[in-house]
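Student: Okay, here's the structure, questions in a sec.
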Amino acid sequence: MPTSEEKAREQQLVDELKAGNLEAFDEIVNLFQKKIYSLGFNLTRNQMDAQDIAQDVLLTIYRKIDTFQGKSAFSSWVYRITLNAAYMKLRSKKKEQFVSLDDAFPAFNGSGYHQEKIRDWSESTDSLLFSNETKDVINKAVDQLPEKEKVVFILRDVDGLSTEKVGEILELSIPAVKSRLHRARLFLRKKLSNYFDEFYAKKEAKKP
Amino acid sequence: MICCKECLDLLCDYLEGTLDPEIAAQLEEHFEDCPPCISFLKTYKSTSKLCRQTMSQEEIPDFVKSRLKDFLNKNIRKPS
């Protein structure tokens, strides 16, 4: 969460930019370009697309600063412009995939208790948890998430924004943010669990 | 005593610390007797952590930074 000094500084920069101060714009660029680029990259998984998005967004901030009315935080406005630019990119590529998140829920018996064995892979060695193969599994799984869940997951869990902030950016209620976040986490947990289950099964099969 | 399925629905709020203390206590009581839920909780938490560490960008690549700068100089400093 930004401190009140950071918020005041943001407001000051916005006012200065509205007055045509290019140095204020430079500072805004420095403050936000990494956030814009990384959100663009995580949504498109493509460096060139992320660069195009960053260009669009920075230019939009400069040209449309007068339309920013301060109803939400400036950073929320910037995030919203970034999401719009990223969605335009994604739509132009028409890469629609439909995955069902329902399969990500664990199986329960009639009384609501876990039906299958659940492996705790959370304490595996770092060399497994952070292997390139695990990274591949994560990147592919996040890419498969439906857009609504993906964007909430990236903002909340990857970028580390608060649930409230994500709600403000996406104009969603807190319960709606949490519900999408939960569904995304369950889906990703399932994908990681499948991968680690397979890894350990292979390892155990090799034992003499 | 709440069941595993109910625990699952409470997980998000539990980790955010926004659960009613009484319900949080019931959840923890369930966890004490339920190894599968503990494994689930730990892997659920780990999922967020692993994704964050994998996907967080350290820095913008230098060549992108310099292209952005050129782009802005061209489009903003010298308006046509």
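The values are calculated or read from the model by the stated rules, or taken from the named source; none is laboratory data. Keep in mind that this is a model prediction, so the values were computed, not measured. Every residue, glycine among them, receives a Cβ derived from its backbone with ideal geometry; neighbour counts consider all protein chains shown. Ligands, DNA and RNA are excluded from the accessible area calculation, which covers all protein heavy atoms including side chains. Shrake-Rupley method; radii C 1.70, N 1.55, O 1.52, S 1.80 Å.
Student: Tell me, yes or no, whether the stretch B:46-68 has at least one residue that is over 24 Å from A:Phe153 (Cβ atoms) and either in contact (Cβ under 8 Å) with a residue 24 or more places away in the chain or of a type in the set (Ser, Thr, Tyr) (or both).
Tutor: Yes, that holds for at least one residue.
Student: Okay, moving on. Kindly indicate whether any position in the stretch B:39-46 is surrounded by fewer than 17 Cβ atoms within 10 Å (Cβ to Cβ) and not basic (Lys, Arg).
Tutor: No, the stretch B:39-46 contains no residue that is surrounded by fewer than 17 Cβ atoms within 10 Å (Cβ to Cβ) and not basic (Lys, Arg).
Student: Please work out which residue is farthest from the other protein chains (Cβ to nearest Cβ), limiting yourself to the stretch B:29-49 and to residues that are in a helix (DSSP H, G or I) and more than 30 Å from A:Phe130 (Cα to Cα).
Tutor: Only one residue fits best here, namely B:Glu29.
Student: Any residue at all in the stretch A:105-114 that is outside the structural domain of A:Leu188 (by TED's automatic domain parsing) and modelled with pLDDT of 90 or more?
Tutor: No, that holds for no residue.
A quick yes/no check of all residues on (1) within 11 Å of chain B (Cβ to nearest Cβ); (2) of a type in the set (Phe, Trp, Tyr):
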residue: A:Gly167; (1), (2): no, no
residue: A:Pro175; (1), (2): yes, no
residue: A:Ser179; (1), (2): yes, no
residue: A:Arg185; (1), (2): yes, no
residue: A:Leu192; (1), (2): yes, no
residue: A:Phe199; (1), (2): no, yes
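Student: Please count how many residues of the stretch A:136-149 are more than 11 Å from A:Leu101 (Cα to Cα) and either crowded, with 20+ Cβ neighbours inside 10 Å or of a type in the set (Val, Ile, Thr) (or both).
Tutor: Looking only at that region, the number is 4.
Student: Testing B:Arg52 on (1) closer than 30 Å to A:Leu129 by Cβ; (2) more than 7 Å from every other protein chain (Cβ to nearest Cβ); (3) open to solvent by 70 Å² or more (accessible area, probe 1.4 Å), one condition comes back false. Which one is that?
Tutor: (2)
Student: What are the pairs with Cβ atoms under 8 angstrom where one residue, in the stretch A:1-27, is open to solvent by 80 Å² or more (accessible area, probe 1.4 Å) and the other, located anywhere, is assigned to a loop (DSSP other than H, G, I, E, B)? Sequence gap at least six, or different chains.
Tutor: A:Met1/A:Ser162; A:Lys7/A:Ala73; A:Gln11/A:Gly70
Student: Now a separate question. Among the residues of the stretch A:106-135, count how many are assigned to a loop (DSSP other than H, G, I, E, B) and open to solvent by 40 Å² or more (accessible area, probe 1.4 Å).
Tutor: Applying the first criterion (assigned to a loop (DSSP other than H, G, I, E, B)) to the stretch A:106-135 yields A:106-107, A:109-113, A:115-125, A:130-131.
From what is left, the residues that are open to solvent by 40 Å² or more (accessible area, probe 1.4 Å) are A:109-111, A:113, A:115-117, A:119-120, A:123, A:125, A:130.
Qualifying residue count, the stretch A:106-135: 12.
Student: Before we move on, is A:Glu164 in a loop (DSSP other than H, G, I, E, B) and either assigned by TED's automatic domain parsing to the domain that holds A:Leu43 or open to solvent by 70 Å² or more (accessible area, probe 1.4 Å) (or both)?
Tutor: In short, no.
Per-residue answers, yes or no, for (1) of a type in the set (S, T, N, Q); (2) not in a helix (DSSP H, G or I):
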residue	(1), (2)
A:Gln69	yes, yes
A:Ala85	no, no
A:Ser92	yes, no
A:Asp157	no, no
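Student: Report, by residue number, each residue of the stretch A:170-185 that is surrounded by fewer than 23 Cβ atoms within 10 Å (Cβ to Cβ), closer than 18 Å to A:Pro146 by Cβ and among the aliphatic types (A, V, I, L, M).
Tutor: A:Leu170, A:Leu172, A:Ala176, A:Leu181 - these are the residues of the stretch A:170-185 that are surrounded by fewer than 23 Cβ atoms within 10 Å (Cβ to Cβ), closer than 18 Å to A:Pro146 by Cβ and among the aliphatic types (A, V, I, L, M).
Student: Can you say whether A:Leu58 is in contact (Cβ under 8 Å) with a residue 12 or more places away in the chain, open to solvent by less than 30 Å² (accessible area, probe 1.4 Å), touching a Leu at 6+ places or on another chain (Cβ under 9 Å) and within 30 Å of B:Pro35 (Cα to Cα), as far as the supplied structure shows?
Tutor: no
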